[in-house]
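The values are calculated or read from the model by the stated rules, or taken from the named source; none is laboratory data. The shown structure was predicted, so the numbers you read here are calculated from the model rather than taken from an experiment. Cβ placement follows ideal geometry from the backbone for every residue including glycine, while neighbour counts extend to all protein chains displayed. SASA here: full protein model, heavy atoms, side chains in, ligands and nucleic acids out. Shrake-Rupley method; radii C 1.70, N 1.55, O 1.52, S 1.80 Å.
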Amino acid sequence: MEVFEDVKTFDELYAELAERARTRPEGSGTVAALDAGVHAQGKKVLEEAGEVWIAAEHESDERLAEEISQLLYRVQVLMLGRGVSLEDVYRYL
Ligand SMILES: N=c1c2ncn([C@@H]3O[C@H](COP(=O)(O)OP(=O)(O)OP(=O)(O)O)[C@@H](O)[C@H]3O)c2ncn1[C@@H]1O[C@H](COP(=O)(O)O)[C@@H](O)[C@H]1O
């Protein structure tokens, strides 16, 4: 497996978003997304999943990877919105 330096992992992003939720910094899109509630968070997951699908069929590898990153972000926002931890999910992997 390739190892990338200065690249955020899934776990690191989750820790960062949890910290945003805790400290609520001014101007954070994550704080706004959390405040919008689970319904809005779920819609974003679905929207990004659709964009991943379209990119997979019609766009470049780079665009697909970018859309996948946004889907992962939206899933994490939903996890935080519902209070689901990484461990809660990993136990099913
Ligand atoms: N990884 C992400 C990330 N991926 C996607 N997005 C958000 O999702 C948007 C893209 O999704 P959409 O296609 O829905 O774009 P959009 O409809 O124009 O966006 P909105 O108007 O709905 O915000 C981006 O413009 C970001 O607002 C992200 N926002 C934040 N992060 C990371 O989360 C961390 C905390 O970010 P802040 O809360 O903004 O400080 C940082 O490390 C960021 O890099």
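If you take the residues in the stretch 60-69 that are within 14 Å of the chain's Cα centre (by Cα) and surrounded by fewer than 16 Cβ atoms within 10 Å (Cβ to Cβ), which one is farthest from A32 (Cα to Cα)?
Looking at the filtered set, the residue picked out is A65.
When both residues are 6+ apart or on different chains and their Cβ atoms are under 8 Å apart, which pairs have a first residue that lies in the stretch 55-83 and is closer than 12 Å to Y14 by Cβ, and a second that is among the aliphatic types (A, V, I, L, M) and open to solvent by 60 Å² or more (accessible area, probe 1.4 Å)?
L78/V38
Go through the stretch 46-59 and give me each residue that's more than 8 Å from the ligand (Cβ to nearest atom) and open to solvent by 60 Å² or more (accessible area, probe 1.4 Å).
Here is the first cut: in the stretch 46-59, the ones more than 8 Å from the ligand (Cβ to nearest atom) are 46, 49-50, 52-59.
Matches in the stretch 46-59: L46, W53, I54, A56, E57, H58, E59.
For the stretch 1-45, what are the residues that are part of a helix (DSSP H, G or I), open to solvent by less than 40 Å² (accessible area, probe 1.4 Å) and more than 12 Å from the ligand (Cβ to nearest atom)?
Of everything in the stretch 1-45, just one residue is part of a helix (DSSP H, G or I), open to solvent by less than 40 Å² (accessible area, probe 1.4 Å) and more than 12 Å from the ligand (Cβ to nearest atom), namely G42.
Hey, can you tell me all the residues within the stretch 40-60 that are over 23 Å from A21 (Cα atoms), in contact with a helix residue (DSSP H, G or I) (Cβ under 9 Å, 6 or more places away or on another chain) and of a type in the set (D, E)?
E51, E59
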